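Structure, as structure tokens:
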């Protein structure tokens, strides 16, 4: 099993990666940035499609995007539209952006971002704008730049830059409207540095660094206003550690250790205040395992595994508390169309209707009607401009 950086895709986001955005996770195109990784044998990449075993809703195609893209971000705006930014079309880095309008069921181009970027982060701000930061603008060229998208004018505006370039970083909103941007890979090393973006000033300010440098991890805003970061890659090794950031104290504390060292996974806040972590890479293998963080005990415990190993997938938390995980790539190198549904009350997974197209490095967003929009991605060597909606069963 290859490390997620070993081919032209991965996650999402974010990571982002991604990140994801997030976030979602991903890797740069051929010849692009490659953080330290564990070696693994090559293998043939083939699509794999599974039919659902249970009736858990339905999935259907919608309008085609204006541009094929993978390793992009998808952010639901306050007006219900979904903003798609950047990514890659094949090996070409994109500055283009577009919005999906659910009322018209179509994608519409908007103003381009200031520079191409993929595997970046995108976070909705309290004032309705969207912060877009970091990512890779060319192979081996991560960026420290950031910009905000204004949905009123459908345009981007540059804001202050982060202290270091970042790719495979993670971000989360803070209770006061600021945005925490943490970790990632700066082109030379994995970093523990943290910057906080203030929408009022358009500037980033340094915050306390994480205990451990990490990339390809997840950052989840908790119900109490703190932020949980989990696992990831720290240099040449994957991590099992987790940390909590307290914004009122500008301080990090340990948050137990996961059952497995993993990176390129996905994570979701659950209704009980806990956090679900699923899939990713453990060692050199994609895994189906999942675990859950308990805020009362600050500990991790295993839950039922998914039916399939996967990394580079996309996650959406549904309004009823369940969690959808879709697409990605399995341990045999197949690009997946399968979708799985996690029930936090039972700690179990069930099959949901598969996507029409196998997708890895896709992006996902929750729509106002409670359905999930899945966009783009690829099954090597093709990138997709298609999009699909999953309508869950009540």
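Quick note: the coordinates plus some simple rules give every number you see, no bench work behind them. Here the structure is a predicted model, which is why all the values come from computation and not from measurement. Cβ placement follows ideal geometry from the backbone for every residue including glycine, while neighbour counts extend to all protein chains displayed.
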Next item on the list: When a/c is below 1.5 the answer is rounded, else prolate if a/b is larger than b/c, else oblate, so apply that to the stretch 224-307 with a ≥ b ≥ c taken from the square roots of the Cα gyration tensor eigenvalues.
Entry: oblate
Checklist line | Net lengthening on full extension, residue 115/residue 284 (0.36 nm per residue, minus Cα-Cα) | finding: 57.5 nm
Margin query: How would the stretch 296-389 be classified by its alpha-carbon gyration tensor: rounded, prolate or oblate, with rounded meaning a/c under 1.5 and the a/b versus b/c comparison settling the rest?
Written below: oblate
Item checked: Ordering of 222-233, 117-128 by packing [mean C-beta count within 10 Å, highest first] -> 117-128, 222-233
Item checked: Spherically averaged projected area of the chain from its Cα convex hull (nm²) -> 15.7 nm²
Checklist line | For the stretch 135-185 and the stretch 257-296, distance of Cα centres in Å | finding: 25 Å
Check: Extension gain residue 297-residue 152, at 0.36 nm per residue separation less the Cα-Cα distance, in nm?
Finding: 47.8 nm
Check: What is the spread of the Cα atoms of the stretch 75-131 along each of their three principal axes, largest first, in whole Å?
Finding: 32, 25, 16
Next item on the list: With a ≥ b ≥ c taken as the square roots of the eigenvalues of the C-alpha gyration tensor of the stretch 270-346, please select rounded if a/c is under 1.5 and otherwise prolate if a/b is larger than b/c or oblate if it is not?
Entry: oblate
